[in-house]
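See below for the structure under consideration.
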Amino acid sequence: MAIDKKESQMIKVSVMMPSKNVGAYMEECLQSVRGQTLQELEILCVDAFSTDGTREIIKRHMAEDGRIRLLDDDRGSTGYSFRKALEEANGEYIGIVETDDFIRADMFELLYDKAREHRLDFVKADFEAFMDIRGERFYMKIPTFYHEDRTFYNRVINQEICHGLRICDGYMWKGIYRKDFLTGNRIFMHETKGAAFQDQGFLYQTVQKAKRVMYLDETLYYYRRDNENSSVYSANMIEKMMEEYHLIEQDMEAGRLSIQGFEDVFYYEKFARYKNVLKHSAREVWREKLEAVKEEFRVPLLKGFLTKRSGYVYQDLMKLYLSPEYYMEELARELDACRDRIRSVVRMTDGKEVVIFGEGLIGMDILCAMRRFGSGTVRCFMDNDKQKWGSEKNGVRVESPERLALYQDCFFVIANEAHATRIWKQLLEGGVLPERIAVCDYVLDSYEVMSRTMEIG
């Protein structure tokens, strides 16, 4: 569909939607984009010749909404889809929506207003991971910033401190980017096959070259975790991740990208991503890939880019150089420990009516673990924060401790790290028997709890 100059000037956000065989999810995703309160959109669906009905869904929506265009990805590459859509885009800002996800109705209006008000190169918000469990949808908020870093929310961040945020900012699709910023700085994605990890190079470029950015403390994007065809579950994802970082380093050598001044951030984040992906790869490839990792990190260590100040990354590398066999055992123990934490919560709540005291990340982990793997029933959350009373999270009401007497026969799980002892005393003083109280004062691991591949046996 041709767009004349007058019409193109009205477009505020061009939404890119790459797809391949996502027919099971495309309807919900496309409806969420079409239903945006910001009307001045164009919707660029770039499909890699799907064979499962995805293209038919797009064409049906095209007949109903003239803002939608269908482009072809004849290379089967998300990076190629991005470049093709960017060349076609007429919007002032660019948004990306993965087509097994969906977005809040006011996402682009809120982001666009903030971008224009503060003259931002990009603006992003928080997201919630979700999966469908036994016919019900479960959500888990994944904040960009935790604890003291929360001061970075809702403020303009300048270039001097922006690059250090790369460790926190690992997703390209939860915001919008000024088109002139992308094209003027020749920001691109690598055009490797498939849809795995091409956004990593893109993220380094945007963080390095942006002068004014903002992160909103609000959930606008919903990220699916139970699509078995997702790239994060591919059998060769460690190879795809390593390939992407090799291309990033080629860009550095060619002068297309520089990490000068924040090498520590780059290598910390690189190792963290390698480790996370390796943990979910077949164990028979661990030895081979770890030998490659040893070679890749030898020079950064010798140059002092990674030191004791790098925390667990440095400690992990020291174990790896000491003995790959020992480090593989460490990786296996980490995975087993994660399963054991989830398993222990399921065992102590199985068959019980449960009150989870604490509605934060730990409480959500417990609720998800119980719903996925257990047979217990969560009656309510309790929390000492008055602002949360009466709200609902994943269909579970948050109650005041003043209503403790109504739940005397329940089993209580304290889901709090900082105040577990104080809450334990509070429950005892409220008449709850000590044998009806358990403490879970650690995050189970939100991504593992919601991973399609997680099994606890």
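Values computed for the structure shown
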| quantity | calculated |
| --- | --- |
| Those residues of the range 158-209 which are open to solvent by less than 10 Å² (accessible area, probe 1.4 Å), polar (S, T, N, Q) and closer than 16 Å to I94 by Cβ, in sequence order | Q198, Q205, T206 |
| Verdict on K124 being modelled with pLDDT of 95 or more and either of a type in the set (K, R) or within 30 Å of S375 (Cβ to Cβ) (or both) | yes |
| Residue in the range 406-414 that is modelled with pLDDT of 95 or more and either under 25 Å from T144 (Cβ atoms) or in contact with a Ser or Thr (Cβ under 8 Å, 6 or more places away or on another chain) (or both) present | yes |
| Residue selected from the range 387-401 under the condition within 25 Å of the chain's Cα centre (by Cα) and within 15 Å of T377 (Cβ to Cβ), by the criterion modelled with the highest pLDDT | V396 |
| Qualifying residue in the range 103-117 (condition: open to solvent by 10 Å² or more (accessible area, probe 1.4 Å), within 25 Å of Y245 (Cα to Cα) and not in a strand (DSSP E or B)) | no |
| Which listed residue, of V439, V443, V449, V432, is free of Cβ contacts under 8 Å to residues at least 40 places away in the same chain and closer than 15 Å to D365 by Cα | V439 |
| Breaking point among (1) open to solvent by 50 Å² or more (accessible area, probe 1.4 Å); (2) out of contact with any helix residue (DSSP H, G or I) (no Cβ under 9 Å at 6 or more places or on another chain); (3) within 20 Å of D199 (Cα to Cα); (4) of a type outside the set (A, V, I, L, M, F, W, C), for S81 | (1) |
| Residue count for the range 1-19, restricted to those that are open to solvent by 40 Å² or more (accessible area, probe 1.4 Å) and modelled with pLDDT under 95 | 9 |
| The range 84-102, subset acidic (D, E) and within 20 Å of the chain's Cα centre (by Cα), residue surrounded by the fewest Cβ atoms within 10 Å (Cβ to Cβ) | D100 |
| Residue that is open to solvent by less than 20 Å² (accessible area, probe 1.4 Å), under 28 Å from Y146 (Cα atoms) and assigned to a helix (DSSP H, G or I), where the choices are L216, L220, L290, L278 | L278 |
| Positions within the range 315-331 being among the acidic types (D, E), open to solvent by 60 Å² or more (accessible area, probe 1.4 Å) and either in contact with a helix residue (DSSP H, G or I) (Cβ under 7 Å, 6 or more places away or on another chain) or under 17 Å from Y267 (Cβ atoms) (or both), in sequence order | none |
| Residues within the range 297-306 that are open to solvent by less than 40 Å² (accessible area, probe 1.4 Å) and touching a residue at least 24 places away in the same chain (Cβ under 8 Å), tallied | 3 |
| Residue that is surrounded by the most Cβ atoms within 10 Å (Cβ to Cβ) [pool: residues in the range 368-397 that are part of a helix (DSSP H, G or I) and without any contact (Cβ under 8 Å) to a residue 60 or more places away in the chain] | M370 |
| Residue within the range 98-112 that is within 21 Å of I366 (Cα to Cα), among the acidic types (D, E) and out of contact with any His (no Cβ under 7 Å at 6 or more places or on another chain) present | no |
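The values are calculated or read from the model by the stated rules, or taken from the named source; none is laboratory data. From a predicted model like this one, the values you see are computed outputs, not experimental measurements. Counting neighbours? That spans all protein chains shown, and the Cβs are built from the backbone with ideal geometry, glycine included. These area figures cover heavy atoms from the full protein model, side chains too; ligands, DNA and RNA do not enter into them. Shrake-Rupley method; radii C 1.70, N 1.55, O 1.52, S 1.80 Å.
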